[in-house]
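Derivation of every value follows stated rules applied to the coordinates shown; laboratory data play no part. These figures come from a predicted structure and were not determined experimentally. Neighbour counts run over all protein chains shown; Cβ positions are idealised from the backbone, glycine included.
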Amino acid sequence: MSPLRHLDSDDLPSVEELLRKHYKEMTPEDKQRVLARIREQVERRYHVTPELGDPPPLEGVEFVYGLNLSRCIGCRRCVHACVQENNQSRSPEIQYIRVLEMQKGSIDVETSDHHYDPTLVPNPDKYYMPVQCHQCSHPPCVKVCPVEATWQEPDGIVVIDYDWCIGCRYCEAACPYWARRFNFAEPHLPADELNPNMAYLSNRPRSKGVMEKCTFCLHRTRAGRMPACLEVCPTGSRKFGNVLDPDSEVHYILQHKRVYVLKQDVGTVSRFFYYFDERGSRYHEPTAPALAGDDA
């Protein structure tokens with residue numbers, strides 16, 4: 001019993017927390033009480049009043065994400081923008097996005113390197129493949145969760161209820177894209193770095209012993225904004241939108257570009273895909289055929 005001496009009041013769940021319903025079973029009134037409790041916890045811990053909401057999925061929307069491998073330069077700005085936006089732990093730092101440095105001509109991720117640290121990027125002999133949650137249409141992580149703490153929303157986003165998660169890590173083992181993160185230690189997030197714009201199912205502060213992952217920044221995207229990783233990309237490599245909209249950019253890309261799906265053979269039906277430019281990429285392919293008489 002001696003370890004119990006080191007617990008403080010914040011480590012012990014309240015009666016309300018112990019008896020709360022599953023997210024899908026909560027009434028609007030139940031949700032408002034839960035949101036009020038979380039606001040109080042955030043204010044007490046960080047001395048910041050959060051703008052905490054629970055935006056629902058949008059009607060007639062299915063989000064997909066496209067990434068142009070011809071243009072990504074491996075700068076990792078997306079990685080750090082994601083950390084800041086989603087209130088991820090800074091020490092140890094938890095990152096949802098891994099940028100893999102790949103050998104040109106190869107698609108073997110097992111020989112890639114995501115610890116690369118050159119003076120400058122891009123390396124002319126490499127290309128870069130960012131990997132994050134693929135928001136699968138058939139998510140294996142959802143199938144293996146024994147308590148239904150993770151599920152798929154109607155807009156395609158796979159979410160986690162951090163208060164319902166028991167930390168068994170089955171979802172982490174099932175994910176073929178290594179997209180799940182587990183809080184082995186209490187997340188460290190300085191109060192002056194806290195993003196106060198939060199949603200219940202995305203970027204509210206987490207606790208030790210639970211899983212977390214990319215949610216396509218649902219607190220932003222369900223409000224008509226773009227994911228943070230897309231906004232910070234200096235090369236325009238990232239594209240995001242509603243695939244059900246025939247006029248959307250992602251719909252056009254899927255119809256007209258050379259598309260590659262990572263680990264397509266595992267049958268997850270990914271909503272995160274890669275594509276290539278025919279010409280004009282950072283690999284210095286010609287944008288037009290040379291004409292007779294042109295200077296070399």
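Quick check on my filter: what residues within the range 27-53 are free of Cβ contacts under 8 Å to residues at least 40 places away in the same chain and of a type in the set (A, V, I, L, M, F, W, C)?
Listed by number, the list holds a single entry, A36.
Return the only residue of S137, S91 being in contact with a Lys or Arg (Cβ under 9 Å, 6 or more places away or on another chain), surrounded by fewer than 22 Cβ atoms within 10 Å (Cβ to Cβ) and of a type in the set (S, T, Y). Give the steps one after another, and end with the answer.
Details: S91 fails: in contact with a Lys or Arg (Cβ under 9 Å, 6 or more places away or on another chain).
S137 is the lone residue from the list that is in contact with a Lys or Arg (Cβ under 9 Å, 6 or more places away or on another chain), surrounded by fewer than 22 Cβ atoms within 10 Å (Cβ to Cβ) and of a type in the set (S, T, Y).
When the range 55-68 is examined, which residues are found to be in contact (Cβ under 8 Å) with a residue 12 or more places away in the chain and surrounded by fewer than 20 Cβ atoms within 10 Å (Cβ to Cβ)?
The answer is P55, P56, P57, L58, G60, V61, E62.
Of all residues in the range 167-179, which are without any contact (Cβ under 8 Å) to a residue 40 or more places away in the chain and either touching a strand residue (DSSP E or B) at 6+ places or on another chain (Cβ under 7 Å) or more than 24 Å from Y65 (Cβ to Cβ) (or both)?
Of everything in the range 167-179, those that are without any contact (Cβ under 8 Å) to a residue 40 or more places away in the chain and either touching a strand residue (DSSP E or B) at 6+ places or on another chain (Cβ under 7 Å) or more than 24 Å from Y65 (Cβ to Cβ) (or both) turn out to be C168, Y170, E172.
Looking at the range 227-247 only, could you name the residues that are surrounded by 17 or more Cβ atoms within 10 Å (Cβ to Cβ) and assigned to a loop (DSSP other than H, G, I, E, B)?
P227, C233, S237, V243
How many residues are exposed (fewer than 15 other Cβ atoms within 10 Å of the Cβ) and either of a type in the set (S, T, N, Q) or out of contact with any helix residue (DSSP H, G or I) (no Cβ under 7 Å at 6 or more places or on another chain) (or both) if we restrict to the range 170-192? Working first, answer last.
So in the range 170-192, the residues exposed (fewer than 15 other Cβ atoms within 10 Å of the Cβ) come out as 173, 178, 184-186, 188, 190-192.
After this cut, where a residue has to be either of a type in the set (S, T, N, Q) or out of contact with any helix residue (DSSP H, G or I) (no Cβ under 7 Å at 6 or more places or on another chain) (or both) as well, the list is 173, 178, 184-186, 188, 190, 192.
Within the range 170-192, residues that are exposed (fewer than 15 other Cβ atoms within 10 Å of the Cβ) and either of a type in the set (S, T, N, Q) or out of contact with any helix residue (DSSP H, G or I) (no Cβ under 7 Å at 6 or more places or on another chain) (or both) number 8.
Report, by residue number, each residue of the range 248-262 that is surrounded by 15 or more Cβ atoms within 10 Å (Cβ to Cβ), touching a strand residue (DSSP E or B) at 6+ places or on another chain (Cβ under 6 Å) and not β-branched (V, I, T).
Passing the criteria: S248, K257.
Going by the structure shown, is A223 in contact (Cβ under 8 Å) with a residue 60 or more places away in the chain, outside any strand (DSSP E or B) and loosely packed, with under 15 Cβ neighbours inside 10 Å?
On the way: in contact (Cβ under 8 Å) with a residue 60 or more places away in the chain: yes; outside any strand (DSSP E or B): yes; loosely packed, with under 15 Cβ neighbours inside 10 Å: yes.
Judged against the criteria, A223 is a match.
Would it be correct to say that M129 is touching a residue at least 24 places away in the same chain (Cβ under 8 Å) and over 24 Å from V266 (Cβ atoms)?
No: the conditions fail for M129.
Give all pairs with beta carbons closer than 9 Å in which a residue from the range 137-152 that is free of Cβ contacts under 8 Å to residues at least 60 places away in the same chain meets a residue that is of a type in the set (S, T, N, Q) and in a loop (DSSP other than H, G, I, E, B); count only pairs at least 6 apart in sequence or on separate chains.
Q152/Q135; Q152/S137
Name, by its number, the condition in (1) part of a loop (DSSP other than H, G, I, E, B); (2) buried (at least 16 other Cβ atoms within 10 Å of the Cβ); (3) in contact with a strand residue (DSSP E or B) (Cβ under 9 Å, 6 or more places away or on another chain) that does not hold for V159.
Checking V159 against (1) part of a loop (DSSP other than H, G, I, E, B); (2) buried (at least 16 other Cβ atoms within 10 Å of the Cβ); (3) in contact with a strand residue (DSSP E or B) (Cβ under 9 Å, 6 or more places away or on another chain), the one that fails is (1).
Yes or no: the range 196-207 includes at least one residue that is part of a strand (DSSP E or B) and touching a Gly at 6+ places or on another chain (Cβ under 6 Å).
Here is the first cut: in the range 196-207, the ones part of a strand (DSSP E or B) are 197-199.
Remaining after also requiring touching a Gly at 6+ places or on another chain (Cβ under 6 Å): 199.
Looking for residues that are part of a strand (DSSP E or B) and touching a Gly at 6+ places or on another chain (Cβ under 6 Å), one finds at least one in the range 196-207, hence yes.
Which residues, counting only those in the range 60-99, are among the β-branched types (V, I, T) and closer than 21 Å to A191 by Cα?
Answer for the range 60-99, where residues must be among the β-branched types (V, I, T) and closer than 21 Å to A191 by Cα: V79, V83, I94.
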